[in-house]
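The values are calculated or read from the model by the stated rules, or taken from the named source; none is laboratory data. This is a predicted model, so every value here is computed, not measured. Every residue, glycine as well, gets a Cβ built from its backbone with ideal geometry; the counts of neighbours run over all protein chains shown.
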Amino acid sequence: MTELEGSKTLENLKEAFAGESQANRKYLAFAKQADAEGFPQAAKLFRAAGAAETVHAHAHLRAMDGVGSTEHNLREAISGETHEFKNMYPGMIAGAKDEGFKKAERSFDYANQVEEIHAALYERALGALGQDVEPVDYYVCPVCGNTFEGEQTDPCPICRTIASRFFKVE
């Protein structure tokens, strides 16, 4: 990123990356809703557009030299997750609570708790980098996003969702 540092182009790439990333997530949520309402063609279109937004986001990230070695990327992920659970979400939780927005408060709280778990998982992966490790499957709670190593039988400790609802990440 050194040649782009301080440039308007870098700021534009960051803005475009954020916008494309958000569009991808939004379109996937829209696809899920269209499927639930029985509109498979609209759902397919949302998924296709979401995939295209991912292509755009990845291109912008590469243009920023935003992908490094796996070690670098793990350190970057640890830093980002740690910032979120230590600095970003606590203020958001407090603000939503002060304003009486329970759904937002719960959403922020769930994310905050899970970001700390993600940081720990990335730390563990960084410590094991280059070592011969036993492969592990990851499972995600569909309500709060809690991420587990290996299949679970107990309810989610964050939101109490039953383990049979967790999905395996391929």
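The number of residues in segment 145-170 being farther than 22 Å from residue 108 by Cα and part of a loop (DSSP other than H, G, I, E, B) comes to 6. Quick one: is residue 74 buried (at least 16 other Cβ atoms within 10 Å of the Cβ) and either of a type in the set (Ser, Thr, Tyr) or closer than 30 Å to residue 130 by Cβ (or both)? Against the criterion (buried (at least 16 other Cβ atoms within 10 Å of the Cβ) and either of a type in the set (Ser, Thr, Tyr) or closer than 30 Å to residue 130 by Cβ (or both)), residue 74 qualifies. Exactly one residue among 87, 112, 146 is closer than 30 Å to residue 3 by Cβ, at pLDDT 95 or above and polar (S, T, N, Q), and that residue is 87. If you go through segment 50-59 and keep only what is buried (at least 17 other Cβ atoms within 10 Å of the Cβ) and aliphatic (A, V, I, L, M), you end up with just 57. Applying the criterion of being under 21 Å from residue 124 (Cβ atoms) and among the polar types (S, T, N, Q) to the residues of segment 136-170, the residue that is farthest from the chain's Cα centre (by Cα) is 152.
The condition of being free of Cβ contacts under 8 Å to residues at least 12 places away in the same chain and outside any helix (DSSP H, G or I) holds for residue 131.
Inside segment 1-47, can you point out the residues that are surrounded by 15 or more Cβ atoms within 10 Å (Cβ to Cβ), under 23 Å from the mean Cα position of the chain (by Cα) and under 25 Å from residue 72 (Cβ atoms)?
Narrowing segment 1-47 to residues surrounded by 15 or more Cβ atoms within 10 Å (Cβ to Cβ): 4, 10, 13-14, 16-17, 20-21, 23-24, 27-28, 30-31, 34-35, 42-43, 45-47.
Still in the list and also under 23 Å from the mean Cα position of the chain (by Cα): 10, 13-14, 16-17, 20-21, 23-24, 27-28, 30-31, 34-35, 43, 45-47.
Correct list: 10, 13, 14, 16, 17, 20, 21, 24.
Counting only residues that are assigned to a helix (DSSP H, G or I) and aromatic (Phe, Trp, Tyr), which one in segment 95-111 is surrounded by the most Cβ atoms within 10 Å (Cβ to Cβ)?
First, the residues of segment 95-111 that are assigned to a helix (DSSP H, G or I): 95-99, 102-111.
Checking which are aromatic (Phe, Trp, Tyr) leaves us with 108, 110.
Details: 108: 21, 110: 19.
Selected residue: 108.
Residue 133 satisfies every condition listed in (1) at pLDDT 95 or above; (2) out of contact with any His (no Cβ under 8 Å at 6 or more places or on another chain); (3) not charged (D, E, K, R) except (1).
Within segment 44-70, the residues that satisfy the criterion of being out of contact with any helix residue (DSSP H, G or I) (no Cβ under 7 Å at 6 or more places or on another chain) and of a type outside the set (Gly, Ala, Ser) are 44, 45, 55, 58, 62, 65, 70.
Let's see how each residue does on (1) within 24 Å of residue 154 (Cα to Cα); (2) outside any helix (DSSP H, G or I); (3) out of contact with any strand residue (DSSP E or B) (no Cβ under 8 Å at 6 or more places or on another chain):
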site	(1), (2), (3)
54	no, no, yes
65	no, yes, yes
76	no, no, yes
80	no, no, yes
93	no, no, yes
116	yes, no, yes
121	yes, no, no
143	yes, yes, yes
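Contact map, segment 137-162: first residue on the phi > 0 side of the Ramachandran plot, second residue surrounded by fewer than 16 Cβ atoms within 10 Å (Cβ to Cβ), Cβ cut-off under 8 Å, separation 6 or more or different chains; pairs are 150/136; 150/137.
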